[in-house]
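Chemist: Here it is, the structure in full.
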Amino acid sequence: MESIQSKVREAIARFSLFPENSKILVALSGGPDSVTLLHVLLSLKDELSLTVGAVHVNHMLRGEESERDESFVRELCENWSVPLIVKRVNVPKISKGRNVEAVARRERYRLLREALSEWGGDFVALGHTASDLTETVILNLAKGSGVRGLRGFLPKREVFVRPLFLVTREEVESYVEENRLPFVVDSSNLKTEYDRNLIRLEVVPVLKKVNPALEKAVLRETELLRELEDFVKSEVGSVVSRYLKGKSFCAPVKELKELHPYLLSEVLREAYRRVSGRELPYRSVVELRESLEREGLKKFSFHSGTVVYKTQELLCIEPEGEREEFYREVRELPETVDTPLYRLKFLLNAGTPVASLSSFREAGIIVRSRRPGDRLKFEGFSKPLKKFLIEKRFPAHLRDLLPVVELNGEVIFIPELYRKTFKPAESFVGVEFEPKGKSSHRQGKDREES
């Protein structure tokens, strides 16, 4: 049978876990998996020129047993001449009895990063095995999961590496017995009220009756899913990057609807993640996809601080109340200006007339977002732009995206809404415009000064 050292070498090479001369900090709980990991890396440290240390996180969850684990790890590292960092966190106090497992996990990874930084190390090695991967996949499948859940945890993620990724729990147990390695047992691992323990103790043994090489089958399937995930991630990243400008994502509805349904869902999730830093639940993804098939405007607020809205032409995701202003000077003709809602093309003696050539040459034209105090001039009176947009029932969440065309400090044009009366008697500057997402130019009929 292939040795654990051979499988660890294979994992290091296949997944590029870490290069030679790395400083590896082993997350050492005291259980058989982490003790085996430490022992194996120590046996390979000369071959790979590794510096090996250990870190133990005491979550203070199991009273005297937690203290026993910490004492065991301290003694083990002293006997094996391994530098050790111990971190303590009172999870029961922090969690107040709610969502204890999630709090413990969050604090554990935080403290592992902290210890790595203090030690000046390169990577934290975790003792997760192929058996842990199998349990994770089954658990995620039972609870409902996409590709990411079904492929389970990764062999390498940021500074965290899993050298035992190809090793089964049975192989660890044999290694511990052959090398007479000491370890401690976490009594909570035997309690089936925890979902993972239920999978490990009752579900996996049944599945192994169907396929004794269950872990090997899961490793093979998850490798395919990682490749699929990488491909989808590349495609999704290409689409999202195309329409992500600053803090906002705005994409043409027409182009989104042309995407494969699965790719569309992943684009929506990734765009929302990049803008908000939050995950978009499955039901919200379905709601957004359905909105693309309907006419009219729609606004969503799935989490505070982030707004999602859909117009006839665009679907946008952006921070609430944090739209970036845009400003562009036009000095040459022809000139095309892209704004969040419209693409404007300024031409000589073509398009809708908006200014004389002489006034354009003298002052130039400015295309910008609206500002407080903007007013529109009509025959015999003027009106605040804000009031005008309210009267027009123009959606509030789109008003800051409207392009305002200014000449000599005066608003002269807003696509599809307003054009100051101008009757050219000489060469003139005209404008053509199209809403973002439409492939053909069309000139709008604008409300002129009356």
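Every number in this text was worked out from the coordinates using simple rules, so none of it is lab data. All figures in this text were calculated on a predicted structure; none of them were measured in a lab. Here the Cβ is made from the backbone with ideal geometry for all residues, glycine too, and neighbour counts use every protein chain on show.
Chemist: Any chance you could give the angle, 0 to 90 degrees and rounded to 10, that helix 4-14 forms with the longest Cα principal axis of the chain?
Modeler: Helix 4-14 and the main axis of the chain meet at about 20 degrees.
Chemist: Separate question: Rank Val103, Asn197, Ser284 by how far each Cα sits towards the positive end of the charge dipole of the chain (+1 on Lys, Arg Cβ; -1 on Asp, Glu Cβ) and give me just the farthest.
Modeler: Most positive-ward Cα: Ser284.
Chemist: Related question: Can you compute the FRET efficiency between Ala217 and Thr421 using 1/(1 + (r/R0)^6), with r the Cβ-Cβ distance and R0 = 56 Å? Round to the nearest 0.05.
Modeler: 0.15
Chemist: Counting Lys and Arg as +1 and Asp and Glu as -1, each charge on the Cβ, what is the dipole of the chain about the Cα centre in debye, to the nearest 20?
Modeler: 1880
Chemist: Let me ask you something else. Net charge near His128: determine it from the other residues with C-beta under 9 Å of the C-beta of His128, scoring Lys and Arg +1 and Asp and Glu -1.
Modeler: Taking every other residue near His128 into account, the sum is -1.
Chemist: While we're on this one: How many angstrom lie between the C-alpha centres of the stretch 405-438 and the stretch 247-324?
Modeler: Centre-to-centre (Cα) distance: 31 Å.
Chemist: Over the stretch 246-319, what is the relative contact order in percent, taking alpha-carbon pairs closer than 8 angstrom and at least six residues apart?
Modeler: Answer for the stretch 246-319 is 40 percent.
Chemist: Where both residues lie in the stretch 4-224, what percent of DSSP beta bridges are antiparallel, nearest 5?
Modeler: DSSP beta bridges in the stretch 4-224 are roughly 10 percent antiparallel.
Chemist: Same structure again: Exposure proxy check: Glu318, Glu118 ranked by fewest other beta carbons within 10 Å?
Modeler: Final ranking by Cβ density, sparse to dense: Glu118, Glu318.
Chemist: Going by alpha carbons, how many degrees (0 to 90, nearest 10) lie between the helix axis of 261-276 and the longest principal axis of the chain?
Modeler: The angle comes out near 90 degrees.
Chemist: Can you divide the C-alpha Rg of the stretch 327-435 by 2.2 N^0.38 Å and report the result to two decimal places?
Modeler: Relative to the rule-of-thumb radius for its length, the stretch 327-435 sits at 1.02.
Chemist: A further question follows. As I understand it, the value is the acute angle between the Cα axis of helix 282-291 and the longest principal axis of the Cα atoms of the chain; what does it come to in degrees, rounded to 10?
Modeler: 20
Chemist: Here is a further query. Which one is right for this structure if volume of the Cα convex hull per residue in Å³ is calculated from it: (i) 144; (ii) 196; (iii) 285?
Modeler: So the calculated entry is the one marked (ii).
Chemist: For the stretch 74-165, state the semi-axes of the equivalent ellipsoid (square roots of 5 times the eigenvalues of the alpha-carbon gyration tensor), sorted largest first and rounded to whole angstrom.
Modeler: Listed largest to smallest, the semi-axes of the stretch 74-165 are 26, 20, 13 Å.
Chemist: DSSP loop GluC sites (Glu not before Pro) in the stretch 125-225 with at most 12 other Cβ atoms within 10 Å of their Cβ, which ones?
Modeler: Answer by residue number: Glu158, Glu193.
Chemist: Which pairs break 19 Å Cα to Cα here: Lys345/Lys386; Lys392/Lys420; Lys298/Lys436; Lys7/Lys191?
Modeler: Listed pairs above 19 Å: Lys345/Lys386; Lys7/Lys191.
Chemist: Number of Lys-Lys pairs in the stretch 27-177 under 28 Å by Cα, sequence gap 8 or more or different chains?
Modeler: 6
Chemist: Can you give the calculated 222 nm mean residue ellipticity of the chain, where each DSSP H run of n ≥ 4 adds -39,500 (n - 2.57) and the sum is split over every residue, rounded to the nearest 500 deg cm²/dmol?
Modeler: So the helix-based figure for the chain works out to -12500 deg cm²/dmol.
Chemist: Provide the three semi-axes, in whole Å and in decreasing order, of the ellipsoid equivalent to the stretch 4-224 as defined by the square roots of 5 times the Cα gyration tensor eigenvalues.
Modeler: 25, 23, 17
Chemist: Would you list, by chain and number, the aspartates and glutamates whose Cα falls below 20 Å from the Cα of Lys383, excluding same-chain residues fewer than 8 positions away?
Modeler: Excluding near neighbours in sequence, the set is Asp374, Glu391, Asp400, Glu406, Glu410, Glu416, Asp446, Glu448, Glu449.
Chemist: For Leu347, Leu84, which order do you get if you count the other beta carbons within 10 Å of each Cβ and list the fewest first?
Modeler: Ordered from fewest to most neighbouring Cβ atoms within 10 Å, Leu347, Leu84 come out as Leu347, Leu84.
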